[in-house]
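J.: Here's a structure for you.
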Amino acid sequence: MKLKTLFFILGAVIGFFIAYPEQDLIIAAAAGVALGAVTVLISWALEPFIKTYSTKSLLGAAVGMVAASFAFLAVNSILARLTLPSGIVSFASAVILLTLFHIAITVGYKKGKEIEGIQQQSLPSRRPQQQQRAAVEAKILDTSVIIDGRIADVAEAGFITGQMIIPKFIIKELQHIADSSEPIKRVRGRRGLDVLKRMQKDIPNVSIKITNHDFPNIKEADLKLVELAKRLRGIIITNDFNLNKVAGLQNVKVLNLNQLSNALKPVVLPGETMYIHVVKEGKEENQGVGYLEDGTMVVVDDARKRLGDEIAVSVTSVLQTPTGRMIFSRVKDEDGKPMVSDSRG
């Protein structure tokens with residue numbers, strides 16, 4: 001509608017200035033309004049046909065018309081210098097003008113279509129790359145996984161690549177922890193900052209991007225991360241079990257490094273024998289507790305009296321929890337058989 005109004009005003013102004021030198025003001029104004037109305041009607045009539053042509057083909061035709069106009073001016077100036085009757089010159093000028101416009105518009109239109117066809121042929125080769133880029137989801141790191149530090153080792157091994165997004169509110173949280181008056185918190189915060197520095201400078205497989213995204217109406221950092229992941233359609237990488245659950249409730253993808261670590265631990269089956277250093281007493285009577293090299297807790301029945309010893313145990317069961325794995329076992333006797341405690345007396 002705005003374009004048609006512009007056409008009307010343009011036609012009215014042109015019509016007025018054409019008529020005004022020879023007519024009075026009222027007739028010139030009426031002529032301007034009439035020409036404006038005709039201009040709108042012509043544009044309205046041509047609009048359905050113009051829509052059937054592509055932008056590039058119309059642009060080619062327009063370029064051809066401009067070229068034809070310059071060519072006609074050059075030819076017309078030559079004809080004007082010839083000593084020919086005015087009728088012949090006018091006729092020849094009209095024929096040349098129509099011929100030039102026909103040739104220029106036809107050639108320009110075809111060239112525009114050719115350019116459009118070449119670009120369409122090149123599109124399929126670009127689409128897979130665009131789809132591949134779209135398929136790469138943003139990886140958003142939380143405070144716990146940065147402080148933990150294993151994310152750097154996983155990235156250095158090549159299991160996680162690409163861009164890692166860290167919001168500024170996570171950086172502020174790390175700085176706050178690093179400036180804490182409590183020594184343990186301070187060490188954890190500085191470790192997290194060192195991990196980020198290592199990932200920025202020493203690991204070529206990943207790039208660290210610090211983003212200004214923030215949500216002032218949300219106070220908790222975990223909820224801010226979930227909201228950011230929803231907005232970016234990204235994945236949260238964390239070690240926090242509670243964040244894992246909150247994100248899952250809102251259909252946000254999560255990669256939990258603790259789950260990855262548990263999945264990579266060696267499989268232990270009931271009946272297998274292992275050697276455990278009993279380091280402390282268990283919660284139940286006569287229980288002892290030891291740990292594997294990967295940190296897995298091993299509860300040993302009848303091992304309280306063997307505190308401080310390295311003993312052979314037989315696995316009785318394995319309990320897998322979302323936060324880790326626990327192994328239950330019994331002490332083996334000197335003959336290699338599990339000792340059965342006598343609870344009758």
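J.: Just the residues that are crowded, with 17+ Cβ neighbours inside 10 Å, among the aliphatic types (A, V, I, L, M) and over 22 Å from residue 235 (Cβ atoms), please, taken from segment 166-192.
T.: 177, 178 - these are the residues of segment 166-192 that are crowded, with 17+ Cβ neighbours inside 10 Å, among the aliphatic types (A, V, I, L, M) and over 22 Å from residue 235 (Cβ atoms).
J.: Considering every residue within segment 330-341, establish whether at least one is among the small types (Gly, Ala, Ser), more than 42 Å from the chain's Cα centre (by Cα), at pLDDT 85 or above and farther than 28 Å from residue 143 by Cα.
T.: So far as segment 330-341 goes, no, none of its residues is among the small types (Gly, Ala, Ser), more than 42 Å from the chain's Cα centre (by Cα), at pLDDT 85 or above and farther than 28 Å from residue 143 by Cα.
J.: Filter segment 318-329 for residues that are modelled with pLDDT under 90 and either closer than 15 Å to residue 275 by Cα or assigned to a strand (DSSP E or B) (or both) and give the result.
T.: 318, 319, 320, 321, 324, 325, 326
J.: State whether one or more residues within segment 242-256 are farther than 21 Å from residue 148 by Cβ and more than 20 Å from the chain's Cα centre (by Cα).
T.: yes
J.: Which number in (1) within 30 Å of residue 245 (Cβ to Cβ); (2) modelled with pLDDT of 90 or more marks the one condition that residue 294 misses?
T.: Only one criterion is unmet by residue 294, namely (2).
J.: Further question on the same structure: Taking residue 310, is it under 30 Å from residue 211 (Cβ atoms) and touching a Phe, Trp or Tyr at 6+ places or on another chain (Cβ under 7 Å)? Break it down stepwise before answering.
T.: Working: under 30 Å from residue 211 (Cβ atoms): no; touching a Phe, Trp or Tyr at 6+ places or on another chain (Cβ under 7 Å): yes.
Answer is no for this residue.
Conditions (1) among the acidic types (Asp, Glu); (2) part of a strand (DSSP E or B), marked per residue:
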site	(1), (2)
262	no, no
266	no, no
271	no, no
275	no, yes
284	yes, no
289	no, yes
294	yes, no
298	no, yes
305	no, no
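The values are calculated or read from the model by the stated rules, or taken from the named source; none is laboratory data. Quantities reported herein were computed from a predicted structural model and do not represent experimental measurements. In this analysis, Cβ positions are derived from the backbone assuming ideal geometry, glycine residues included, and neighbour counts consider all displayed protein chains.
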